[in-house]
Structure formats: C-alpha cells, structure tokens
Amino acid sequence: MSQVFPSSAAKAAATGAGAVLSIRDLHLSFASRDARGAVRHARVLNGVDLDVGPGRIVGLIGETGAGKSMTATATIGLLPASAEVKGKIFFEATDLLTLRGAALDKVRGARIGFVAQNPRAALEPVTRVGDQLVRLIQAHSSLSTSAARQRAIEILAAVGIPDPQARYRAYPHELSGGMAQRVVIAMALVNQPQLVIADEPTTGLDVTVQAQVLDLLQQLVRAQGAASLIITHDLGIVAQYCDDMAIMFAGRVVERGPVTQVFADPRHPYTRRLIAASRARIGNALTNLKSDPPDLYRQTTACLYADRCEQVQPVCQSAPLERSCSTAAPEHRVLCHLTQIS
Ligand SMILES: Nc1ncnc2c1ncn2[C@@H]1O[C@H](COP(=O)(O)OP(=O)(O)O)[C@@H](O)[C@H]1O
Ligand SMILES: [Mg+2]
C-alpha cells in the first residue's frame with residue numbers, strides 16, 4: 001500500500017503552518033412551531049470551536065445527539081435548507097460558509113473528502129461503482145479514462161476490497177454494507193484531498209478491515225500533510241490513530257487537545273467520566289454514560305453540563321469560556337469554570 005499516496009513535499013509545504021480546518025463559534029439551529037403555533041429554535045450547535053492542523057488526525061467524540069454529524073455536515077456544506085447557521089468555518093483561508101454552487105463543488109470531492117454517517121446514500125444506485133470513481137477522478141484531474149480506471153482499481157484494492165476488477169463493475173445494490181462503506185471511503189480518498197472528514201467511517205466493519213481503512217487514512221495524512229477529522233464512538237480508535245481529540249457535549253466542544261495530554265490529564269468532568277468508564281472496560285463508555293439528553297429548546301448561558309455534573313457549583317450557572325489548561329500546553333483547552341490552570 002506504500003505507493004497509494006506518494007509523498008509530496010510540495011503539497012505539504014503548500015498547506016502552510018496554519019490549521020487546515022478552523023471552526024469558530026459555530027451555531028446551528030432549526031426553527032419549528034410548538035403546539036400553540038409559536039416559533040421555537042432547537043439549538044443544535046452552541047458555539048463550536050475546533051482546529052485540525054496539517055498532518056494531524058483529530059478524533060471527535062461525544063454521545064448521540066451531541067452535534068458531531070451536524071458539525072461535519074455544516075463543514076461540507078450539506079446542511080438542510082431549514083438550518084440557521086452562524087459562525088465561521090475556515091478551510092485554509094476560505095470561509096466555507098460563504099461558498100455556494102460551483103465554488104463549493106470545486107472544494108468538495110477534490111480538496112475535501114467526506115464519508116457520511118450513512119455511506120450507502122452517497123452512492124448513485126444506477127451507476128457501476130467503478131464508473132462513479134472514474135467520474136470523480138476525471139472531474140478533478142486530466143487523467144485519461146484508462147489511467148483513471150487503473151487508479152480506481154488501485155484505490156478499491158487499497159481499502160481492502162477483494163477482487164477489485166470484478167467489484168469495479170458492480171452496482172451499489174450488489175455490494176454488502178461493509179463493501180459499500182469501503183467504496184465510499186475510496187471515493188473520499190481517491191483525489192488525495194487536503195482534508196478528510198469521516199463520520200463513524202468504520203462502524204460495522206470487522207477489525208481487520210477497520211485497521212486497513214484507518215491505516216490508509218493515516219498514510220494519506222502523514223505522506224501529504226493532509227488533515228482529517230474522524231467522528232467516532234470508540235476511544236480505542238482515538239488512542240491508536242488520532243493526534244488530537246475533541247470531546248463534544250450538547251453542541252459545544254468541552255475539551256480538546258493532543259490525545260496523550262487529554263488521556264493523561266483530562267480536565268472537564270465529562271471527559272473524566274468518559275475516560276474512567278472506558279478504562280473500567282464497561283463496554284462502550286459513551287453508551288453507558290448516557291442519561292437524559294439536554295433540552296435543545298432551553299435558552300440559557302449556563303454551562304450545559306451543569307445538570308449532570310457531580311462537581312457543580314453556583315458559578316456554573318454563568319457562561320463558561322474556553323481556556324488553556326496550562327501554560328506548558330496551551331493547545332489543551334477546556335470549557336469549564338472549575339478547571340484549575342496549572
Ligand atoms: N433537521 C433537523 N431538525 C431538527 N433537529 C435536528 C435536525 N437534524 C438534526 N437535528 C438534531 O440535532 C442534534 C444533533 O444531531 P447530530 O449532529 O446528528 O448528533 P450526533 O452526530 O452527535 O449524534 C440532535 O438532537 C438531532 O435531533
Ligand atoms: Mg452522528
């Protein structure tokens with residue numbers, strides 16, 4: 001697999017020292033009407049801050065409903081029209097929230113690869129998977145059809161699809177769920193994007209294929225100074241494959257930083273509970289910690305974790321600000337009134 005993404009120093013240099021993806025104060029809500037006809041807003045994202053640096057893989061974790069998929073969907077520009085968005089999503093120097101139509105299409109598929117949480121929906125049902133890959137390759141390069149075919153077969157093999165020549169001619173409905181998922185991952189990686197966003201990409205794949213897919217992603221990131229945001233429920237994947245991690249709760253990132261730092265010295269009470277639960281090997285830490293989801297319609301500036309927090313204090317009824325946990329590791333940041341800065 002070593003030649004699938006040949007190292008490209010020029011491409012790495014072009015990404016510069018700044019973050020590849022930088023999300024700032026992202027808010028997202030959906031308006032609806034209550035039983036009496038009054039407009040109300042479901043506040044799904046409440047000021048997300050997140051960075052993905054060049055050459056880095058960031059693991060985004062948090063329980064179901066925390067807003068992980070909506071953060072990814074906003075970044076790739078696929079939100080439903082009813083969504084109300086505020087904030088900035090910088091991809092290199094461009095605010096993606098300002099792009100529309102052809103300008104957005106140019107970025108998507110070539111410079112940003114996306115693996116949606118429901119990968120099968122990303123495949124066109126009436127086109128052979130190989131032809132979908134070739135079309136995607138040729139939309140963003142000048143490769144001849146035979147060279148693009150070769151490339152398509154190569155990437156199908158690289159994501160662990162046995163007999164890629166035969167699978168090239170298959171229609172999506174002829175593929176198993178795991179196979180379709182690998183085809184979508186191949187589509188996200190084939191144009192060697194600067195940024196790969198993958199929403200629970202390996203859920204349901206067996207451990208061998210999971211490792212193969214994540215190794216390939218890691219290879220793309222390392223060889224080309226690309227970057228990746230992986231949404232996962234699995235702290236094991238975060239520990240093994242990610243450089244940085246971000247923990248989301250109720251539409252905000254409550255803690256983020258280098259993986260080794262966060263595991264060694266978790267600061268937010270929610271992060272501490274997550275890590276303790278996963279260390280105690282009680283199965284899926286996120287599922288086991290689940291209690292009532294926060295009320296999306298509630299209007300408050302209080303810390304949204306206060307209702308669940310074992311250490312809650314009166315100060316938690318005021319708005320927390322994100323800050324560095326220590327002067328020695330300024331990139332480890334937490335959103336909690338109770339953190340002692342060291
Ligand atoms: N179209 C929509 N209208 C109203 N609420 C929505 C819509 N789409 C998603 N949500 C809500 O947004 C919240 C966050 O969803 P999501 O980002 O999918 O969470 P996660 O991926 O972390 O499980 C959920 O509570 C979900 O019900
Ligand atoms: Mg999701």
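The values are calculated or read from the model by the stated rules, or taken from the named source; none is laboratory data. This is a predicted model, so every value here is computed, not measured. For neighbour counting, all protein chains shown are included, and Cβ atoms are generated from backbone atoms with ideal geometry for every residue, glycine included. We work out accessible area using only protein heavy atoms, side chains counted, and drop any ligands, DNA or RNA first. Shrake-Rupley method; radii C 1.70, N 1.55, O 1.52, S 1.80 Å.
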Discussion item. Checking the structure you have, find out if any residue of the stretch 190-200 is more than 16 Å from ligand 1 (Cβ to nearest atom), over 26 Å from Gly18 (Cβ atoms), in contact with a Phe, Trp or Tyr (Cβ under 8 Å, 6 or more places away or on another chain) and open to solvent by less than 10 Å² (accessible area, probe 1.4 Å).
Written reply: no
Worksheet item: Pick from the stretch 100-120 the residues that are more than 16 Å from ligand 2 (Cβ to nearest atom) and of a type outside the set (Gly, Ala, Ser): which of them is least open to solvent (accessible area, probe 1.4 Å)?
Response: Ile112
Practice prompt. Could you check the stretch 143-228 for helices (runs of 4 or more DSSP H) lying wholly inside it with 2 or more residues that are in contact with a Ser or Thr (Cβ under 7 Å, 6 or more places away or on another chain)?
Written response: 207-224
Worksheet, complete the sentence: The one condition Pro269 fails out of (1) within 16 Å of the chain's Cα centre (by Cα); (2) at pLDDT 95 or above is (1)
Worksheet, complete the sentence: A careful count of residues in the stretch 41-70 that are among the β-branched types (Val, Ile, Thr), at pLDDT 95 or above and near ligand 1 (Cβ under 7 Å from one of its atoms) gives 1
Worksheet entry | Close pairs (6 angstrom Cβ cut-off, 6 or more residues apart or separate chains): in contact (Cβ under 8 Å) with a residue 24 or more places away in the chain in the stretch 140-168, crowded, with 17+ Cβ neighbours inside 10 Å and outside any helix (DSSP H, G or I) anywhere | His140/Ala110; His140/Asn191; Ile155/Val190; Ala158/Val4; Arg167/Ile161
Worksheet entry | Residues within the stretch 238-267 that are more than 22 Å from Ser22 (Cα to Cα), outside any helix (DSSP H, G or I) and either open to solvent by less than 20 Å² (accessible area, probe 1.4 Å) or not basic (Lys, Arg) (or both), tallied | 2
Discussion item. Taking the criterion of being assigned to a helix (DSSP H, G or I) and at pLDDT 95 or above, would at least one residue in the stretch 296-315 satisfy it?
Written reply: yes
Item to complete: Identify, by number, the condition in (1) within 16 Å of ligand 1 (Cβ to nearest atom); (2) among the basic types (Lys, Arg); (3) within 24 Å of the chain's Cα centre (by Cα) that Arg298 doesn't meet.
Response: (3)
Worksheet, complete the sentence: Filter the stretch 300-335 for residues that are exposed (fewer than 13 other Cβ atoms within 10 Å of the Cβ) and touching a residue at least 24 places away in the same chain (Cβ under 8 Å); the one that is farthest from Thr64 (Cα to Cα) is Gln313
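A quick yes/no check of all residues on (1) acidic (Asp, Glu); (2) within 25 Å of Val159 (Cβ to Cβ); (3) in contact (Cβ under 8 Å) with a residue 40 or more places away in the chain:
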position	(1), (2), (3)
Gln212	no, yes, yes
Asp215	yes, yes, yes
Val221	no, yes, yes
Ala226	no, yes, yes
Leu229	no, yes, yes
Val259	no, yes, yes
Arg273	no, no, no
Ala276	no, no, no
Ala280	no, no, no
Fill in: Residue selected from the stretch 64-80 under the condition in a helix (DSSP H, G or I), within 13 Å of ligand 2 (Cβ to nearest atom) and among the hydrophobic types (A, V, I, L, M, F, W, C), by the criterion surrounded by the most Cβ atoms within 10 Å (Cβ to Cβ)
Ala74
Worksheet item: Taking only pairs six or more apart or across chains, which ones have beta-carbon atoms under 8 Å, a first residue in the stretch 63-74 that is within 12 Å of Val48 (Cβ to Cβ), and a second residue that is more than 8 Å from ligand 2 (Cβ to nearest atom) and assigned to a helix (DSSP H, G or I)?
Response: Ala74/Leu97
Worksheet item: If we scan the stretch 121-132, do we find a residue that is within 16 Å of ligand 2 (Cβ to nearest atom) and either among the hydrophobic types (A, V, I, L, M, F, W, C) or in contact (Cβ under 8 Å) with a residue 60 or more places away in the chain (or both)?
Response: yes
